[in-house]
Amino acid sequence: MNENLHQLAGQLIMVRLFGTELDADTAAFLAEHSVRGVCLFRQNMTDATQLKRFTGALRDVMGRESLIALDQEGGAVVRSTWVPAPPSAMALGAANDPHLARDVGAAVARAVRSLGFNWNFAPVLDLNNNPQNPVIAERSFGADPLRATELALAWMAGSESEGVACCVKHFPGHGDTHVDSHRDLPLVDKPLAELERFEFAPFRMAAASAPAMMTAHIVYPSLDPDNPATMSRRILTGILREQWSYRGVVITDGMDMHAIAHRYSAGQAAVNALVAGADMVMAIGSRETQQETIDAIAAAIRDGVLPMDEVKARLARLSALVQAHPCCQSEYATEQQDRALMARAWKAGLSALRSPTRPAPGSKVRLVARQDVVSDGVSEAGVPAATIAAMLGKLYEVELVTFADAECFDWNALPQDGRFTILASTSRRRYGPNARATWRPDLHLALWNPYQALDFEAPALMTYGFAPPALEAVNAWLAGQIEAQGVCPVPGFSSNSM
């Protein structure tokens, strides 16, 4: 097959890499196929020195038009964990300050650009109105289309001001699902009018300015009963390109996610997505599936399944993206100021539910928290129980009780000794019927998913994330130094604060 076709195909994919250095074999693969897109994850990173070396080597091999990307949304979805920790989207939604959102977006961009990235897969435009959503929750700016979009676009403008391309996601909306598309294929069965009023609204408003959009691996039967959005020409071309006149880059979500990989071969999935209207396929599986993807795209170009004029249009959009956001490293001169900004932003989003009260300084406190804090594959691992105990130990005499399984933990077995009992929730998963029926904390610290605060009739403090500045905000509230003035931006929460 014509080698040039493989090089054309390579420019239409983004790959995942393995390890923390660019080895000779991987460098040869990238160069041979003119791969222009790479997405790095937590396992590719150890510290700033290593990461700068890695991205610098990638630029040397991939050239001036390389796109080096990551997911640095904020909250639990961050990859570089040592830079100033940005609040989650919902924390910014609770603060409801577009100027603050813009400043945070700019600070995130300064950090990742200093590490050699020019593309950040954020912000999330999904409207989370489903309390059972297993994967979005605090990653959303809220449930109101206008309010959430204003904040998201302010965040995006901040990133643009610092030269890092954003990619809004997950078009046309992942907020109202019961299923995580990393695990299975979700379905959003709503009439077109309702989709246009709600899910579509943020993406339609962003279409004029967003440099890139990421597709959702979700079936919307009222639009296309047969194909997930990632593979639907009716959605990607008919709605996004033709109805909304979108001119930016369209990239798929990871094609290794079970919603796609359990139903299609890697090559066929990639061709389907490009035929539907995507510009770039995120082929983040193994080297074998990456090669299969390139081979299938090259064959589709050769056979006219992907017409050459359409291929050239895709390449032009990708070139325009990288020319507007050159891939280079920069000095990070504002790190300390950005840390102070992030701390202020976390505090601004701190929200209270059911009028929580603070234990008196020096009180005897019992902390109940989950033992494990493993990553779910999308988010970073949560905060260890011992870390929370140490935080509270600055103010109180703390006894730590941990559980492995919330549904097996017997709350009633806790001693009735007058200790003020604090539950710290450190995972995204909602609680089951046993916990909801029997657990009665005096104070619930919802340190990740705010919807967990609805699982108990208990006073709660919601942070929308567990990064160190989020925990510092909790301690500042407990010490009486600040009030919780955020307002949770989704239905079901009262607006009282302390």
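The values are calculated or read from the model by the stated rules, or taken from the named source; none is laboratory data. Treat the numbers as computed from the prediction; the structure is a model and nothing was measured. Heads up, the Cβs are rebuilt from the backbone with ideal geometry, glycines too, and the neighbour counts pull from every protein chain shown.
Residues are listed down the side, and each one gets a yes or a no for (1) touching a helix residue (DSSP H, G or I) at 6+ places or on another chain (Cβ under 8 Å); (2) part of a strand (DSSP E or B):
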| position | (1), (2) |
| --- | --- |
| 282 | no, yes |
| 300 | yes, no |
| 304 | no, no |
| 312 | no, no |
| 320 | no, no |
| 323 | no, no |
| 326 | no, no |
| 340 | no, no |
| 360 | no, no |
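What residue, among those in region 211-243 that are in contact with a Ser or Thr (Cβ under 6 Å, 6 or more places away or on another chain) and not in a loop (DSSP other than H, G, I, E, B), is surrounded by the fewest Cβ atoms within 10 Å (Cβ to Cβ)?
Looking at residues that are in contact with a Ser or Thr (Cβ under 6 Å, 6 or more places away or on another chain) and not in a loop (DSSP other than H, G, I, E, B), I get 224.
For the structure I just gave you, tell me whether residue 391 is under 22 Å from residue 464 (Cβ atoms) and over 22 Å from the mean Cα position of the chain (by Cα).
Numbers: under 22 Å from residue 464 (Cβ atoms): yes; over 22 Å from the mean Cα position of the chain (by Cα): yes.
So residue 391 fits the description; yes.
Listed residues 424, 406, 333, 369; which is small (Gly, Ala, Ser), farther than 25 Å from residue 464 by Cβ and outside any helix (DSSP H, G or I)? Give the derivation first.
Working: 424 fails: farther than 25 Å from residue 464 by Cβ; 406 fails: farther than 25 Å from residue 464 by Cβ; 369 fails: farther than 25 Å from residue 464 by Cβ.
Only one candidate passes the filter, namely 333.
So which of 189, 224 is of a type in the set (D, E, K, R) and either touching a residue at least 24 places away in the same chain (Cβ under 8 Å) or in contact with a His (Cβ under 9 Å, 6 or more places away or on another chain) (or both)? First the steps, then the outcome.
Numbers: 224 fails: either touching a residue at least 24 places away in the same chain (Cβ under 8 Å) or in contact with a His (Cβ under 9 Å, 6 or more places away or on another chain) (or both).
The unique qualifying residue is 189.
Is it the case that region 131-144 has a residue that's more than 22 Å from residue 467 (Cβ to Cβ), β-branched (Val, Ile, Thr) and either within 16 Å of the chain's Cα centre (by Cα) or in the same structural domain as residue 209 (by TED's automatic domain parsing) (or both)?
If we filter region 131-144 for residues that are more than 22 Å from residue 467 (Cβ to Cβ), which is where we start, we get 131-132, 143-144.
Of the ones still in play, those that are also β-branched (Val, Ile, Thr) are none.
No, that holds for no residue.
Table: residues versus (1) closer than 22 Å to residue 349 by Cα; (2) among the acidic types (Asp, Glu).
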| residue | (1), (2) |
| --- | --- |
| 32 | no, yes |
| 39 | no, no |
| 45 | no, no |
| 51 | no, no |
| 96 | yes, no |
| 102 | yes, no |
| 107 | yes, no |
| 140 | yes, no |
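Condition (residue is part of a strand (DSSP E or B) and either touching a strand residue (DSSP E or B) at 6+ places or on another chain (Cβ under 8 Å) or surrounded by 15 or more Cβ atoms within 10 Å (Cβ to Cβ) (or both)) applied to region 429-439: is it met by at least one residue?
So the first thing to find is which residues in region 429-439 are part of a strand (DSSP E or B), and the list is none.
Within region 429-439, none of the residues are part of a strand (DSSP E or B) and either touching a strand residue (DSSP E or B) at 6+ places or on another chain (Cβ under 8 Å) or surrounded by 15 or more Cβ atoms within 10 Å (Cβ to Cβ) (or both).
All but one of (1) out of contact with any strand residue (DSSP E or B) (no Cβ under 9 Å at 6 or more places or on another chain); (2) crowded, with 24+ Cβ neighbours inside 10 Å; (3) part of a helix (DSSP H, G or I) hold for residue 142; state the number of the condition that does not hold.
If we test residue 142 against (1) out of contact with any strand residue (DSSP E or B) (no Cβ under 9 Å at 6 or more places or on another chain); (2) crowded, with 24+ Cβ neighbours inside 10 Å; (3) part of a helix (DSSP H, G or I), just (3) comes out false.
Which count do you get for residues in region 258-270 that are in a helix (DSSP H, G or I), over 22 Å from the mean Cα position of the chain (by Cα) and either under 23 Å from residue 17 (Cβ atoms) or among the hydroxyl-bearing types (Ser, Thr, Tyr) (or both)? Can you show your working first?
Within region 258-270, the first condition is being in a helix (DSSP H, G or I), and the residues that meet it are 258-261, 266-270.
Now drop any that are not over 22 Å from the mean Cα position of the chain (by Cα), which leaves 266-270.
In the following step, the residues that additionally are either under 23 Å from residue 17 (Cβ atoms) or among the hydroxyl-bearing types (Ser, Thr, Tyr) (or both) were identified as 266-267, 269-270.
Of the residues in region 258-270, 4 are in a helix (DSSP H, G or I), over 22 Å from the mean Cα position of the chain (by Cα) and either under 23 Å from residue 17 (Cβ atoms) or among the hydroxyl-bearing types (Ser, Thr, Tyr) (or both).
Quick one: which of 25, 97, 60, 47 is under 30 Å from residue 450 (Cβ atoms) and among the acidic types (Asp, Glu)?
Answer to the check: 97.
Which residue is nearest to the chain's Cα centre (by Cα), if the candidates are limited to region 355-381 and must be crowded, with 16+ Cβ neighbours inside 10 Å and of a type in the set (D, E, K, R)?
The selected residue is 380.
Among the residues of region 440-458, write down those that are buried (at least 17 other Cβ atoms within 10 Å of the Cβ), over 25 Å from the mean Cα position of the chain (by Cα) and part of a loop (DSSP other than H, G, I, E, B).
Passing the criteria: 441, 456, 458.
Restricting the search to region 145-179, which residues are surrounded by 24 or more Cβ atoms within 10 Å (Cβ to Cβ), at positive phi and either among the β-branched types (Val, Ile, Thr) or at pLDDT 95 or above (or both)?
Passing the criteria: none in range.
Out of (1) surrounded by fewer than 19 Cβ atoms within 10 Å (Cβ to Cβ); (2) modelled with pLDDT of 95 or more; (3) in contact with a Ser or Thr (Cβ under 6 Å, 6 or more places away or on another chain), what's the single condition that is false for residue 192?
(2)
Is one or more of the residues making up region 247-256 in contact (Cβ under 8 Å) with a residue 40 or more places away in the chain and more than 23 Å from the chain's Cα centre (by Cα)?
yes
Can you spot a residue in region 342-358 that is among the charged types (D, E, K, R), under 28 Å from residue 170 (Cα atoms) and touching a strand residue (DSSP E or B) at 6+ places or on another chain (Cβ under 8 Å)?
So far as region 342-358 goes, no, none of its residues is among the charged types (D, E, K, R), under 28 Å from residue 170 (Cα atoms) and touching a strand residue (DSSP E or B) at 6+ places or on another chain (Cβ under 8 Å).
Every residue in region 97-116 that is in a loop (DSSP other than H, G, I, E, B) and surrounded by 21 or more Cβ atoms within 10 Å (Cβ to Cβ), please. Don't jump to the end; show me each part of the working.
The first filter runs over region 97-116 and keeps only residues in a loop (DSSP other than H, G, I, E, B), leaving 97, 115-116.
Within region 97-116, 115, 116 qualify.
Against the conditions (1) in contact with a strand residue (DSSP E or B) (Cβ under 8 Å, 6 or more places away or on another chain); (2) crowded, with 24+ Cβ neighbours inside 10 Å, where does residue 80 fall short? Just the number, please.
Unmet for residue 80, out of (1) in contact with a strand residue (DSSP E or B) (Cβ under 8 Å, 6 or more places away or on another chain); (2) crowded, with 24+ Cβ neighbours inside 10 Å: (2).
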